[in-house]
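To start, the structure under review is shown below, and the notes come after it.
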Amino acid sequence: MAFYYDGVSRTFNEYLLVPGYSDSTCTPGAIDLSSPMVRFRKGEEASIRLNIPLVSAIMQSVSDDNMAIALAREGGLSFIFCSQPIEDEAAMVARVKDYKAGFVVSDSNLKPDNTLVDVIELKRKSGHSTMPVTHDGTAHGRVLGIVTSRDYRPSRTPLDSKVSEFMTPREKLIVAPKNTSLKDANDIIWDHKLNALPIVDENDHLLYMVFRKDYDSHKENPNENLDAEKRYRVGAGINTHDYEDRVGALLNAGADILCIDSSEGFSEWQARTIAWIRKQYGDEVRVGAGNIVDKEGFRFLADAGADFVKVGIGGGSICITREQKGIGRGQATSLIEVAAARNAYFKETGVYIPLCSDGGIVYDHHLTLALAMGADFMMLGRYFARFDESPTNRFNVNGNFVKEYWGEGSARARNWQRYKQDDSVKLSFEEGVDSYVPYAGPLKDNVSLTLAKIRSTMCNCGALTIAGFQEKAKLTVISATSIVEGGAHDVILKDKANPLQANFR
């Protein structure tokens, strides 16, 4: 006979937080939203942490290198999607690691016999206006000069002009030797009013570039998620089929953490994948696993060696797994049970395994509820797909701007490996849809607003940290009538009474 769970499978929208006492020290500016991302032992610190508890989903329509850079700048982390060729995913990871490293390997280089046409085309492709000129046009050739946007004017400089004719030559450049520290490099930049400083070896071959904008960017974004070498952290998705080839390429590209992308994680496939990684790379390589929705699934992945566990099946806005297969569980109920299992595991073993809540987020306050229920961080798809930095196209549909958003289980994604159960190389049926989401603008503005709401709610509950919030939070189940009461009701909204007024805000 089938096992029946007691109680109802509930979603975030069926809960509210009850305010608690907050003293005068509990202000939004004092809230610490950092959280551990990988397993650690009691009394120790996690080797990888997030400065904000948000990561972007392993999806074609969400997480490419542009999203990863933008989110790491705010303190979160992206997992580059794995439903693409290995070399393409590795290249995305490498671009994130090279984007802001303090010492950056130049990806926009010229030879002296290139022309202004080549300069303009390279700038269009890379977006970079500072281009070292080396003897062979490579990132580590002998430095002959440098080209910046101040060295030419397309309206006046002939397009067939050789780079050697308008570049700033080597003898006029200020460079630094290879043993220069980042602090000293920045001091040289400031002392000489430079925008970029080439770092060269004893033979005058280019090693790195240090840019003023990277220093300025860090000062403007103090929550940046950086590794020990001041490079942005980035994650990468893997599957349970070609991991023996994919993992090494991603690690060589610089991936800080991996995550198994699967529709269901309570399986031998995931245990095999983790075991292989541990055998080949030991505990230094960090890998998350999932997704699961109950305590048995958590224990399985915890014992298998997962560094974090993703919770949630069927709750994503583009996921139709529950509709197609009848598989899943309400996200709130799943998270509450798994968090209890995680805490019991910590008490039993002294090992803390972070939980990633994946799916079921409709409103910003659902993020706060997820944290209160035991999540250490949340993985979001639809939320990030709305922003400028997501890799999808923006359209005007019936007067409203939207962005494309499709699931990894949709036919469009062609991610057969995520759902593969046999030797087939196609999806038998879809578990995701192809859709639009309302365009929301830049990531930074939206994330700042979301985090402001989380901080304010934590203040209402008298908590300064996520761990403290989980200890102090008081949750109550609400009725359908309470959900209605919680929004605007029994009034005529001005936007609806006068649509023109809303258009001119």
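The values are calculated or read from the model by the stated rules, or taken from the named source; none is laboratory data. Since we're looking at a predicted model, the values are computed, not measured. Cβ coordinates were reconstructed from backbone atoms using ideal geometry, including for glycine residues, and neighbour counts include every protein chain displayed. Just the protein is used for accessible areas: all its heavy atoms, side chains included, with ligands, DNA and RNA removed. Shrake-Rupley method; radii C 1.70, N 1.55, O 1.52, S 1.80 Å.
Annotation: for a label point projected 7 angstrom from Cα along Cα→Cβ of Arg212, residues of the stretch 178-203 with backbone N closer than 15 Å are 185-198.
Cross-link partners of Lys42 among aspartates and glutamates, defined as those whose alpha carbon lies under 12 angstrom from its own and excluding same-chain residues fewer than eight positions apart: Glu348.
Under the definition of Cα pairs under 8 Å and six or more residues apart, what whole-number percent is the relative contact order of the chain? All intermediate terms of the calculation are to be shown ahead of the outcome.
Working: 1018 pairs, mean separation 105.1, N = 505.
That works out to 21 percent.
Each Lys and Arg Cβ is given +1 and each Asp and Glu Cβ -1; about its Cα centre, the chain then shows a dipole of about 900 debye.
Students often check this: by mean Cβ neighbours within 10 Å, which of 132-141, 357-366 ranks highest, and how do the rest follow? The partial results should precede the final answer.
Working: 132-141: 18.5, 357-366: 21.4.
The packing order, highest mean first, is 357-366, 132-141.
The calculated FRET efficiency for the pair Asp434 and Ala91, based on their C-beta separation and a Förster distance of 22 Å, comes to about 0.30.
Counting only Cα atoms, the size of the stretch 30-91 along its three principal axes is 41, 27, 15 Å, in decreasing order.
The protection proxy used here, the mean number of other Cβ atoms lying within 10 Å of each residue, ranks peptides 384-391, 483-490 as follows, highest first: 384-391, 483-490. Among DSSP beta bridges whose residues both lie in the chain, state the antiparallel percentage, nearest 5. So the antiparallel bridges amount to about 55 percent of the total.
What do you reckon, how do Glu323, Glu408, Glu87 stack up by accessible area (1.4 Å probe), largest on top?
Details: Glu323 150, Glu408 10, Glu87 125 Å².
Ranked from most to least accessible, the order is Glu323, Glu87, Glu408.
Treating cross-link reach as a plain straight distance, find the lysines whose alpha-carbon is under 19 Å from the alpha-carbon of Lys230, omitting any fewer than eight places away in the same chain. In chain and number order, the partners are Lys97, Lys100, Lys178, Lys183, Lys213, Lys219. For Lys111, the lysines whose Cα falls under 18 Å of its own Cα, not counting residues fewer than eight places away in the same chain, are Lys123, Lys125, Lys162, Lys172. Note on Glu121 and Asp32: the model spin-label points, each 7 Å out from Cα along the C-beta direction, lie 5.3 nm apart. Sorting 282-288, 347-353, 456-462 by their mean Cβ neighbour count within 10 Å, with the most densely packed peptide first, gives 456-462, 282-288, 347-353.
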